[in-house]
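> I have a structure I would like to understand better, so I am pasting it below and will then ask my questions one at a time.
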Amino acid sequence: EKERIALWVIPSISVLGGVVVILGRAPTDILSGAIYALYHRPFDIGDRVTLAQPGCNPVLYPMLVKEIDGLRTHFITASCELLLVENHALRTMSVVNLSRSPATCLRVPVQVPASTPAS
């Protein structure tokens, strides 16, 4: 009885170990990226977003979200180029959703003299 168990347990563990070594982090990256994009929903299709590494200024101009799937998100850049970003990479980036942000207000103080010189 113990020999029969050893005949299938040892090869099964070896195959499982080999699959883990070959695939590496791929399964966890795919699963965590899909959960981030589809469950947390940092953006929806049609939103304007900017992407950056945490603590850095955005290197790209605002982009439009074209499509979201389990593995990657499709963006349209200002120059009408299609940019594909893996969802697991998006999980580690700073995403600013301009469509969900409040309206931007720019305040510029202007000083005008109270009196003008006579001509």
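> Need the C-alpha centroid separation for region 1-55 versus region 68-102, integer Å.
First find each Cα centre; the distance between them is then 21 Å.
> Run the helix sum for the chain: -39,500 (n - 2.57) per DSSP H stretch of 4+ residues, divided by residue count, reported at 222 nm to the nearest 500 deg cm²/dmol.
-9500 deg cm²/dmol, from helical runs alone.
> Another question about this same structure. When the chain is treated as a GNM, springs tying every alpha-carbon pair under 10 Å, which of Ser14, Ser94, Ser32 comes out with the largest mean-square fluctuation?
Evaluated over the chain, the most mobile residue of the options is Ser14.
> If you don't mind, another one. Can you work out ³J(HN,Hα) from phi for every residue in region 56-61, in order, using Karplus 6.51 cos²θ - 1.76 cosθ + 1.60 and θ = phi - 60°, giving whole Hz and x for Gly and Pro?
Taking θ as phi minus 60°, the curve returns 10, 6, x, 8, 10, 5 Hz for region 56-61.
> Please name whichever of Ser14, Val110, Ala34 sits farthest to the positive end of the charge dipole of the chain, dipole taken about the Cα centre and charges placed at Cβ: Lys and Arg +1, Asp and Glu -1.
My answer, from the dipole projection, is Val110.
> Evaluate the distance, in nm, between pseudo-label points positioned 7 Å from the Cα of Val15 and of Leu83 along their respective Cα→Cβ axes.
A separation of 4.4 nm, rounded to one decimal place.
> Moving to a separate point now. Can you run phi through the Karplus equation (6.51, -1.76, 1.60; θ = phi - 60°) for region 45-51 and list ³J(HN,Hα) in whole Hz, with x for Gly and Pro?
Those phi angles translate into 4, x, 6, 9, 9, 10, 10 Hz.
> For the chain, just say rounded, prolate or oblate: build the C-alpha gyration tensor, square-root its eigenvalues into a ≥ b ≥ c, call rounded for a/c under 1.5, and beyond that prolate if a/b exceeds b/c, oblate if not. It would help to have the intermediate numbers written out before the result.
Working: a/c = 4.69, a/b = 3.82, b/c = 1.23.
Verdict is prolate for the chain.
> Please work out the average accessible area per residue across the chain, using the 1.4 Å probe convention, and give it in Å².
Result: 79 Å² per residue.
> Can I ask one more? Please turn the phi angles of region 67-79 into ³J(HN,Hα) values with the Karplus equation 6.51 cos²θ - 1.76 cosθ + 1.60 (θ = phi - 60°), one per residue in order, whole Hz, x for glycine and proline.
8, 10, 10, x, 9, 8, 10, 9, 10, 10, 7, 5, 9
> Still on this model: Which of the trypsin sites (Lys or Arg not before Pro) found in region 70-119 are loop residues per DSSP with 12 or fewer other Cβ atoms within 10 Å of their Cβ?
When the trypsin sites (Lys or Arg not before Pro) of region 70-119 are filtered for loop state and at most 12 Cβ neighbours within 10 Å, Arg100, Arg107 remain.
> Moving on. Say we join alpha carbon atoms closer than 10 Å with springs in a Gaussian network model of the chain; which of Ser101, Ser79, Ser12 then has the biggest fluctuation?
Ser12
> Normalised by the residues of the chain, what does the relative contact order come to in percent, with Cα pairs under 8 Å and at least six apart?
23 percent
> Okay, next question. About the Cα centre, and with charges only on the beta carbon of Lys, Arg (+1) and Asp, Glu (-1), how big is the dipole of region 22-92? Nearest 20 debye, please.
140 debye
> Taking amide hydrogens as modeled 1.01 Å from N in the peptide plane, which residues meet the under 5 Å criterion relative to Leu98, leaving out close sequence neighbours?
HN-HN under 5 Å from Leu98: Arg48, Val49, Thr50.
> On the accessible surface of the chain, probed at 1.4 Å, how many percent belong to carbon and sulfur atoms?
That share works out to 64 percent.
The values are calculated or read from the model by the stated rules, or taken from the named source; none is laboratory data. Since the model is a prediction, treat every value here as computed from it, not as a measurement. Backbone-built Cβ (ideal geometry, glycine too); neighbour counts: all protein chains shown. Ligands, DNA and RNA are stripped out before the accessible areas are found, and what is left, the full protein with its side chains, is counted by its heavy atoms. Shrake-Rupley method; radii C 1.70, N 1.55, O 1.52, S 1.80 Å.
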